[in-house]
Amino acid sequence: MINAFQDVDPHAALKTFRRIISPQGLVRINVISRELREENLSRDEDFDRETGCFHLTRCPSENVEPLGFIERANGKRVPYYRRLRSYYRPDLERLLRDGGFEIISAQSIILPRDIWIRSSASDKARRWEDIIKKYGGYPGSVDTILRPI
């Protein structure tokens with residue numbers, strides 16, 4: 001599940017995990033910290049502060065239909081192709097508890113600057129330069145280990 005949790009219906013995913021994971025099993029997910037997004041991207045037009053979702057507007061390849069459109073401050077409608085959900089820590093803990101899991105470990109993942117710059121996600125790298133300097137790399141997500149309760 002590692003990097004897909006931010007893209008899927010979390011309730012459905014947790015229900016499936018709960019059904020297939022043994023009582024001694026573990027689940028590993030990466031989640032985006034909403035606190036981090038709001039602190040660093042509050043003025044980003046692709047981040048929706050109301051929902052905590054970040055819209056990726058770069059088309060991944062030809063003939064891919066957008067999931068929807070976001071409206072920019074200038075009134076222009078821009079297609080988005082991926083919608084990444086971020087979580088406040090207390091909301092994530094509640095969601096996981098309601099789904100039958102608890103967090104046993106949560107570690108921030110900081111991608112080194114050189115790896116971030118070479119990645120396909122770095123198309124807006126200039127805007128990220130201050131953030132990369134602040135954290136010593138790109139603060140991608142939180143690596144989270146869960147166990148059934």
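The values are calculated or read from the model by the stated rules, or taken from the named source; none is laboratory data. These figures come from a predicted structure and were not determined experimentally. Cβ coordinates were reconstructed from backbone atoms using ideal geometry, including for glycine residues, and neighbour counts include every protein chain displayed.
Couple of notes before you dig in:
- Residues of region 105-129 satisfying the condition of being modelled with pLDDT under 80 and within 17 Å of residue 37 (Cα to Cα): 116, 121, 122, 124, 125, 126, 127, 128, 129
- Residue that is surrounded by the most Cβ atoms within 10 Å (Cβ to Cβ) [pool: residues in region 1-14 that are part of a helix (DSSP H, G or I) and in contact with an Asp or Glu (Cβ under 9 Å, 6 or more places away or on another chain)]: 14
- Selection within region 46-92: residues that are in contact with a helix residue (DSSP H, G or I) (Cβ under 7 Å, 6 or more places away or on another chain) and small (Gly, Ala, Ser). The member of this set that is farthest from residue 34 (Cα to Cα) is 52.
- Against the numbered list (1) modelled with pLDDT under 90; (2) of a type in the set (Lys, Arg); (3) surrounded by 14 or more Cβ atoms within 10 Å (Cβ to Cβ), residue 89 comes up short only at (1).
- Counted residues, region 1-58 - those being of a type in the set (Ser, Thr, Tyr) and in contact with a Phe, Trp or Tyr (Cβ under 8 Å, 6 or more places away or on another chain): 2
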